[in-house]
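Visitor: Sharing a structure here in structure tokens format.
None of the figures in this text is laboratory data; all of them are computed from the coordinates on show. Computed from a predicted structure; not experimentally measured. Cβ: placed from backbone, ideal geometry, glycine included. Neighbour counts: every protein chain shown.
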Amino acid sequence: MRFHILTLFPEMVENGLRTSILGRACQKGILDIHAVNIRDFTLDRHGRVDDYPYGGGAGMLMQAQPIYDAYRAVASACRSKRPLRVIYTTPQGRIFDQKMARELAQEEELIFLCGHYEGVDERVLEEIVTDQVSLGDYVLTGGELPAMVMIDAISRMVPGVLKNEESGETESFGDGLLEYPQYTRPEEWRGRQVPEVLLSGDHGRVEKWRQERSLERTRLRRPDLYARYDLPGKALEYLRQDRLGHTDMIENIRRRLVRVVAASESGVLLWNPKSSVYLLTARDRDAGERLLSLTKPDGAIYCCHQRFLAESVAGRFGRETVRECCQAVYSRKTPLPEPEDVAVRPLDRTEPEGALPRHFASVHGEDPDCLIREGRLFGVCPADGDEGPVGVIGLCIDGRIGMPLVLAPYRRRGIGQALLRFGINRTLEMGWTPYAQMGADDMPSLTLAEAVGMRICREKLYWI
Ligand code: ADE
């Protein structure tokens, strides 16, 4: 990987980066550190690169011309085919972190621009800079040290730079936690013992101890990191207190359909980007309000697990229509027998469509073409029928089984049951827990769900 550093102090950068691990990587040809003296490009007879700011004010500004010409010289000689990223180190930038280091390490070449004096003429920044990055909320005398820090953090992610034993797999931030404490010989130093478990030779115990210490350290020293750590785990812990009632949310997490926006001991908020649905549950109204303040209501639908949440959504976002639903869950692992005399099969676009697929899609808020294209719609079609299916069932985009629909003349023949059993068995085959939702007053669907052995949750859901 090649780093070009546009600077007024090339020797500072080179001396700093050509030692130790990075120096070794440069010698091996894994890294190439190329410091470019901006002053070499000035057109000023006296070698000046700075001037007074228009409008007055303290200090001097770096001029656009030498920086731009230095950049052009580097960019025109670049080997990379990708558009070059030019990073300007400034306290006004996005704060640098491990994730950014990992992302930048994917580039073949990077250009760093190090500012000095009171800043840089804005026009050259607009012209060449792609990323403005800061080390933190403090001001340094120049951009060289930040560039060196960033180059160090990026370089250690480049394959071959670290030897195996230096590899950063278990280091701080790798998994979002701080690293556990480490000890080396002697076993006792100034009366302090190495923790007994590390001498035990029991790898399982050592691993457990390290994970616990990492968690404890992060919680105490970096509560901000701890709050973001393992949100799905924290969400599941809360949701499992009422496993049945939260089946939809648990399944959405398990099937990776949602992002966990927030999870704590007082509630959980999930966001399904594909269906634009927020799913939320909260211990009380205050906790619910806190969760709702994290949502963006435009175009979003809310699936609330408590009535007070629906009331809050209505009050906050001026919504009116609430659909009260029941949730039915098939909580056994065993598949259901499917009747042989009713053939259920996937529907495709080549057959006569009839009215049911579109009706099903509109009842369940789905796109009919998408349901069919993705193989999520199934039906019962009579042998002689060119009128389309007489009963349909579908697996909805948010993971629910959409309750079956059967044309009136074909009801009471076991078609609805056959369809629902089919939906349950296909869901089980994917390793998931089958669940469905129906209007709280939809007696035929509730009776059907119970008839195939689904459990109806006492708590209602409120779609708003
Ligand atoms: N230049 C001066 N201060 C800086 C900081 N905090 N981060 C990045 N560049 C800087």
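Visitor: If the chain between residue 244 and residue 164 were fully stretched, how many nm would it gain, using 0.36 nm times the residue separation less the Cα-Cα distance?
Guide: 24.1 nm
Visitor: I'd like the distance separating the alpha-carbon centroids of region 347-385 and region 180-246, in whole Å.
Guide: Here the answer is 51 Å between Cα centres.
Visitor: Applying a 10 Å radius around every beta-carbon, put 316-322, 417-423 in order of their mean neighbour count, most first.
Guide: Working: 316-322: 11.1, 417-423: 24.1.
Listed from highest to lowest mean packing, they are 417-423, 316-322.
Visitor: Which order do the peptides 407-413, 28-34, 448-454 take when ranked by the mean count of other beta-carbon atoms within 10 Å per residue, highest first?
Guide: Per-residue Cβ counts within 10 Å, averaged per peptide and sorted highest first, yield 448-454, 28-34, 407-413.
Visitor: If you don't mind, another one. With each run of n ≥ 4 DSSP H residues scored as -39500 (n - 2.57), what mean residue ellipticity at 222 nm is computed for the chain after dividing by its residue count and rounding to the nearest 500 deg cm²/dmol?
Guide: For the chain, the value works out to -9500 deg cm²/dmol.
Visitor: Quick one: if the Förster radius is 22 Å, what FRET efficiency do residue 215 and residue 333 give, using the C-beta to C-beta distance and rounding to 0.05?
Guide: FRET efficiency, residue 215 to residue 333: 0.10.
Visitor: Net charge near residue 263: determine it from the other residues with C-beta under 13 Å of the C-beta of residue 263, scoring Lys and Arg +1 and Asp and Glu -1.
Guide: +3
Visitor: Another one. Evaluated at 20 °C with a viscosity of 1.002 mPa s, what Stokes-Einstein diffusion coefficient in µm²/s does the chain have when Rh comes from the Kirkwood expression over alpha-carbon pairs?
Guide: So the translational diffusion coefficient is about 77 µm²/s.
Visitor: Could I ask something else about it? Enumerate the amide H contacts of residue 179 below 5 Å, restricted to partners 5 or more residues apart or on another chain; note that Pro and chain-start residues carry no placed amide H.
Guide: Residues meeting the amide H criterion: 172, 173.
Visitor: Cα-Cα pairs above 18 Å in region 271-373: how many percent?
Guide: Value for region 271-373 (Cα pairs over 18 Å): 64 percent.
Visitor: Shifting gears a bit: What is the set of long-range amide H partners of residue 35 at a cut-off below 5 Å, with H atoms built 1.01 Å from backbone N?
Guide: Result for residue 35 returns 5.
Visitor: Taking the Cβ-Cβ separation of residue 139 and residue 97 as r and a Förster radius of 25 Å, what is the calculated FRET efficiency to the nearest 0.05? The partial results should precede the final answer.
Guide: Values: r = 19 Å, r/R0 = 0.77.
Given R0 = 25 Å and the Cβ-Cβ separation, E is 0.85.
Visitor: Separate question: I need the calculated FRET efficiency for the pair residue 285 and residue 317, taking r as the beta carbon distance and R₀ as 22 Å, to the nearest 0.05.
Guide: Numbers: r = 16 Å, r/R0 = 0.71.
Computed FRET efficiency for residue 285 and residue 317 comes out at 0.90.
Visitor: Rounded to the nearest Å, what's the spacing between the alpha carbon centres of region 14-69 and region 273-337? Just the number, please.
Guide: 55
Visitor: Taking 8 Å as the Cα distance limit and 6 or more residues as the minimum spacing, I'd like the relative contact order of region 232-327 as a percentage.
Guide: Value for region 232-327: 19 percent.
Visitor: Related question: Which value in nm describes the separation of the simple spin-label points at residue 183 and residue 362, placed 7 Å from the Cα toward the beta carbon?
Guide: Label at residue 183, label at residue 362, 7.2 nm between them.
Visitor: Additional query: Taking 0.36 nm per residue of sequence separation and subtracting the Cα-Cα distance, how much length would be gained by fully extending the chain between residue 225 and residue 373, in nm to one decimal? Don't skip to the end; give the middle numbers.
Guide: On the way: separation 148, 0.36 × 148 = 53.28 nm, distance 4.16 nm.
Taking residue 225 through residue 373 to full extension adds about 49.1 nm, to one decimal.
Visitor: Want the number for residue 208 to residue 69: 0.36 nm per residue separation, take away the alpha-carbon distance, what's left?
Guide: Contour length minus the Cα-Cα distance gives 44.5 nm.
Visitor: List the relative contact order of the chain as a percent without decimals, with contacts defined as Cα pairs under 8 Å and 6+ residues apart.
Guide: Relative contact order, the chain: 11 percent.
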